[in-house]
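The values are calculated or read from the model by the stated rules, or taken from the named source; none is laboratory data. Here the structure is a predicted model, which is why all the values come from computation and not from measurement. Here Cβ is always computed from backbone atoms with ideal geometry, including for glycine, and neighbour counts include all displayed protein chains.
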């Protein structure tokens, strides 16, 4: 069978689970785990995770405020994701 653009299916993913993982890291930075960026299917989640990992590598604690300042165009999304974590 020849692989064509029409018969390629996206990898399984769960946007809600991704949000919950990011929310957990934002609300409790001590729970941060080193993951591969491509574990996150959603572009927004990959960017947030990259920013969080970068902050950790610099010795900083990634939280809602630091990540929002690094990604100001996604500030509302980041705050919304963090709020999800507070409800978990």
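Looking only at segment 46-63, count every residue that is assigned to a helix (DSSP H, G or I) and buried (at least 18 other Cβ atoms within 10 Å of the Cβ) and tell me the total.
6
Going through 86, 11 one at a time, which residue ends up being in a loop (DSSP other than H, G, I, E, B), exposed (fewer than 10 other Cβ atoms within 10 Å of the Cβ) and either modelled with pLDDT under 90 or out of contact with any strand residue (DSSP E or B) (no Cβ under 6 Å at 6 or more places or on another chain) (or both)?
11
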| task | Would you check if there is a residue in segment 31-45 being at pLDDT below 90, surrounded by 15 or more Cβ atoms within 10 Å (Cβ to Cβ) and either part of a helix (DSSP H, G or I) or within 13 Å of the chain's Cα centre (by Cα) (or both)? | result | yes
